[in-house]
Amino acid sequence: MAVDAAQPISTPARRSRYSTTPKISSTQQAQSSTSSTQPPVSKSGPSNSSNRVSYTSNSGSGSGSEYHLDTSVATTSVSSQASLTSFRASLPDNPQVYDFSDIRAATNNFLAKRYSSTSSSQSWRCTLHGKDVIIFQRRIQKSMEKAELRAKLSVICRSHYKSIIKLLGASISGDHIYLVYDFVAGSNLSLCLRNPRNPSYTVLSTWMSRIQIATDVAHGLDYIHNTTGLEIDPVHKYVKSSGIIVTEPSFNAKICHFGAAELCSGSESKSVTNGGEIYEEAPAVSTPGRKGSATRTREFEGVRGYISPEFQLTGVATQKSDVYAFGVVLLELFSGEEPVRFKYDKTTGNYSKISLIDTAREVVECGGDGEEDGGVVVERRLRNWVDRRLSDSFPVEVAQKVIRLALDCLHVEPGDRPDMRRVAGKISKLYLESKFWSDRVKMPTEISVSFAPR
C-alpha cells in the first residue's frame with residue numbers, strides 16, 4: 001500500500017508536546033544526508049529574539065527532534081540593560097541654562113518662603129523640570145551672555161564628587177545669577193552645632209560624628225583644588241559652617257556653593273556681612289581739606305570670621321584662603337563655638353571680642369614648669385575648650401593633633417599653610433586613630449545575662 005510522503009504518520013517513538021516526527025520520502029532522506037543538518041523552522045512565524053532555541057537531533061531511526069528553550073540570552077539582556085540604566089543614572093546630568101521664566105514659575109514669582117535664614121543670599125526650595133532643587137540668588141557685576149554661561153557651566157559641572165552638592169544649571173537676569181543645585185535633605189553644620197531653640201542639645205554628640213564631618217569636608221575641598229582635572233584653578237571661596245550640609249543617618253557632610261566663585265567672578269568690590277557674603281559697593285568719600293582726592297573703602301566677598309589676612313587685604317580668594325577657612329571650620333566643629341563672638345564686660349560697659357583662633361592657641365601653647373606639668377595643663381585646658389556636649393568622651397591626643405592641624409591651616413603667611421591634599425591625608429589618619437579609640441572604649445553589647453538558681 002503506497003503512502004503519500006507529505007502525509008504524516010504516527011510512530012511508536014515517544015513524542016513531546018514541543019516536537020513532531022514526520023515521515024519523509026527517500027528523496028528527502030538523500031537530500032538531508034548530503035546537506036548539513038538545519039534546525040526546523042516553526043510555521044507560526046519567527047521566534048522571539050529574546051529567547052534562544054537549541055535543536056538536538058539523533059541519527060537513529062525513530063528518534064524524535066526536541067526543542068530546548070535557552071533563557072541565557074534573555075537573562076544576559078535584562079542584566080545588561082539594568083547595568084546600563086544604573087550606569088547612566090550615576091553619570092552627572094548635562095548642565096542647563098534655564099530660562100528665567102522657569103525660575104520665576106518655580107519660585108512662585110519669588111514669593112515663596114525662603115529656604116534658609118542663615119545665609120544673606122536668598123534661596124528657595126522648589127521643583128524645577130521634575131527635580132527637587134534649591135535655587136540661590138547671587139549678584140554679579142560683570143554681564144554674561146548665555147553662550148559664556150553655558151561654556152562655564154560645561155566646565156564646572158564636569159566635576160562630580162560625593163562630598164559636593166551637584167550644580168545642575170543656572171540662569172541670568174539683570175545683575176543677578178540664579179544657581180540651581182540638587183537638593184540634599186539635612187541641616188547645615190552651624191545649626192547642628194548651635195541650635196537657637198535648644199542650645200544645650202546637638203545631634204553631633206559623639207567625637208566620631210564630628211571627625212567624620214571633618215574628613216568629608218577635607219576630601220571635598222581636596223577634590224575641588226586638586227582632582228577636578230579642570231583647566232581653571234578652582235577655588236571655593238565660601239567655606240563656612242552654614243555652607244556645609246550634614247545628612248542623616250550617617251552624618252556625612254556635603255559642601256554647598258561649589259562653582260559660585262567662578263560664575264560670579266568679575267565683581268571688583270564687595271563687603272562682608274556677619275552671616276553671608278554680599279553687600280553693595282560703598283561710595284567714594286572725599287577727604288576733608290584735600291581737593292580732588294577721594295578715598296574708597298576696599299570691599300570684597302567673604303564671611304566674617306573665615307577671611308584670611310591676605311584675602312582681607314587684596315580681596316582675591318585663593319586656594320590657601322580656602323585652607324584658612326577650613327581651619328576655622330575645624331575649630332568651630334570641635335569647640336561648638338562661633339568663630340567670632342562678643343562678650344559684654346560689666347566693669348567697662350563695653351563688648352569685648354573673643355576670637356576662636358586666639359582661644360585655641362592658648363590651649364596648645366600653654367605649659368607648666370616641667371614637661372609633665374605642661375602636659376597636664378594642656379590636657380586640662382583642652383578638656384575645657386572642647387565642646388562639653390561631647391561629655392568629656394574623646395581621645396585627648398587626637399584632639400591635640402586636630403587643633404594643631406587647624407592652627408597650621410590658620411598661619412598668617414599663605415606659603416606656610418599646607419595644601420588641602422596634605423590636610424586631607426592628615427585628617428584621614430586622625431580619623432583612623434579616632435576609630436581605633438572608639439572601638440577600644442565602646443561598651444560591649446553582645447552580653448547575655450541569665451538568672452538561674454544556684
Check: Here is a list of conditions, (1) modelled with pLDDT under 95; (2) assigned to a strand (DSSP E or B), and LYS254 meets all of them except one; can you say which number that is?
Finding: (1)
Item checked: Selection from segment 185-212 of residues that are under 14 Å from GLY243 (Cα atoms) and either assigned to a helix (DSSP H, G or I) or modelled with pLDDT under 90 (or both) -> LEU189, SER190, LEU191, CYS192, LEU193
Note to self: Name the single residue that is farthest from ASN226 (Cα to Cα) among those in segment 343-366 being touching a Ser or Thr at 6+ places or on another chain (Cβ under 7 Å) and not in a helix (DSSP H, G or I).
What the structure shows: ASP345
Next item on the list: Please state which of the following conditions LEU313 fails to meet, knowing it meets all the rest: (1) within 31 Å of the chain's Cα centre (by Cα); (2) under 30 Å from GLY259 (Cβ atoms); (3) assigned to a helix (DSSP H, G or I).
Entry: (1)
Notebook entry, point to check: How do the pairs read when you match residues in segment 354-366 that are without any contact (Cβ under 8 Å) to a residue 40 or more places away in the chain with residues anywhere that are assigned to a helix (DSSP H, G or I) and of a type in the set (A, V, I, L, M, F, W, C), using Cβ under 7 Å and keeping only pairs 6 or more apart or on different chains?
Noted result: THR359/TRP385; CYS366/VAL377; CYS366/VAL378
Margin query: If SER308 satisfies all but one of (1) over 21 Å from the mean Cα position of the chain (by Cα); (2) surrounded by fewer than 23 Cβ atoms within 10 Å (Cβ to Cβ), what's the number of the condition it fails?
Written below: (2)
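For every residue, the table says whether it meets (1) over 15 Å from GLY259 (Cα atoms); (2) touching a Lys or Arg at 6+ places or on another chain (Cβ under 9 Å); (3) acidic (Asp, Glu).
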{"site": "LYS162", "(1), (2), (3)": "yes, yes, no"}
{"site": "ILE165", "(1), (2), (3)": "no, yes, no"}
{"site": "SER173", "(1), (2), (3)": "yes, yes, no"}
{"site": "ILE177", "(1), (2), (3)": "no, yes, no"}
{"site": "PHE183", "(1), (2), (3)": "yes, yes, no"}
{"site": "GLY186", "(1), (2), (3)": "yes, yes, no"}
{"site": "ASN195", "(1), (2), (3)": "yes, no, no"}
{"site": "ASP216", "(1), (2), (3)": "yes, yes, yes"}
{"site": "ASP222", "(1), (2), (3)": "no, yes, yes"}
Notebook entry, point to check: GLY220 versus (1) modelled with pLDDT of 95 or more; (2) within 26 Å of SER393 (Cβ to Cβ); (3) not acidic (Asp, Glu): which is the lone unmet condition?
Noted result: (2)
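Quick grid of which residues meet (1) at pLDDT 95 or above; (2) farther than 17 Å from TRP207 by Cβ; (3) not in a loop (DSSP other than H, G, I, E, B):
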| residue | (1), (2), (3) |
| --- | --- |
| VAL402 | yes, no, yes |
| HIS411 | yes, yes, no |
| ARG422 | yes, yes, yes |
| LEU430 | yes, no, yes |
| LYS435 | yes, no, yes |
| MET443 | no, no, no |
| ILE447 | no, yes, no |
| ARG454 | no, yes, no |
Notebook entry, point to check: Just checking, how many residues over segment 430-441 are among the basic types (Lys, Arg) and surrounded by 13 or more Cβ atoms within 10 Å (Cβ to Cβ)?
Noted result: 1
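The values are calculated or read from the model by the stated rules, or taken from the named source; none is laboratory data. All values reported here derive from a predicted model rather than from experimental measurement. Glycine also receives a Cβ, built like all others from the backbone with ideal geometry; neighbour counts cover every protein chain displayed.
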